[in-house]
Each structure stands twice: as structure tokens, then as C-alpha cells.
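The values are calculated or read from the model by the stated rules, or taken from the named source; none is laboratory data. Owing to the predicted nature of the structure, the values given are computational and were not obtained by experimental measurement. Because the Cβ atoms are built from the backbone with ideal geometry, glycine has one as well, and the counts that use them run over all protein chains shown.
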Amino acid sequence: MSEPIPLFPVHRIDPEVFAEEQHRLFADRRLHIGRSDVVHAVVWVEWINSLTLPAPACHQGWSGLGSGGEITPARRAVTCRKCSRFLGEPDDPAQTTLFPLP
Ligand SMILES: [Zn+2]
């Protein structure tokens, strides 16, 4: 008889070590969400015990803590329009809107 496949593998992480690793990975970097090519600016959001984790500045939704590779560090310049505005950068004229705005 074969063993059952665990549907929700248990990952035990030390929060302080994990947060420290995230800071090392994302310091002075931008980030990608999943397999997207869009590069977002990084902000640090409060997690637990006054620890912080990286997140997209534009508040683009994603799930997880980043421990499963949901977000990855990037060295490229920010390409997300919302993040660019957050950083106070002018809109990239090469990036067009999906539909005309009034
Ligand atoms: Zn963004």
C-alpha cells in the first residue's frame, strides 16, 4: 500500500530567519510576482513580531509569504505604472493604456 500524498506540506520556518533572508534577497532590488515580467517597486510591510516582508509598492495582489517563490527579486528598472507613480517617476510614454481614459 502506498503512502498518502500530503496535500498541504508542513513548512516550519523561523520568522526572524525568514524575514532576514527576505531583506537580504530584496534589499536594493525590485520584484516580480510569479512568472510575470512586470517589475514592481518594493515596499516593506509589517508581518509579525515587528518583522517586515517585501511586497509590491502598488499593492498588486498575490498570495503567500514569498517562501515558495511567489515573488522573486529583480535588478531591472520598475515597469509597473502604478509603482512608477508611487516612486514619483513620470509615466513611460511607450506603455499604452488598455483603453482611453477621459
Ligand atoms: Zn507595481
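Against the conditions (1) without any contact (Cβ under 8 Å) to a residue 24 or more places away in the chain; (2) surrounded by 11 or more Cβ atoms within 10 Å (Cβ to Cβ), where does Arg24 fall short? Just the number, please.
Here Arg24 meets the rest and fails (2).
Can you find, within the stretch 34-55, the residue that is nearest to the ligand (Cβ to nearest atom) among those that are surrounded by fewer than 19 Cβ atoms within 10 Å (Cβ to Cβ) and assigned to a strand (DSSP E or B)?
Val43
Looking at Glu20, is it at pLDDT 90 or above and either out of contact with any helix residue (DSSP H, G or I) (no Cβ under 6 Å at 6 or more places or on another chain) or within 13 Å of the ligand (Cβ to nearest atom) (or both)?
Against the criterion (at pLDDT 90 or above and either out of contact with any helix residue (DSSP H, G or I) (no Cβ under 6 Å at 6 or more places or on another chain) or within 13 Å of the ligand (Cβ to nearest atom) (or both)), Glu20 qualifies.
Can you work out which of the residues in the stretch 56-77 that are near the ligand (Cβ under 10 Å from one of its atoms) and modelled with pLDDT under 95 is surrounded by the fewest Cβ atoms within 10 Å (Cβ to Cβ)?
His59
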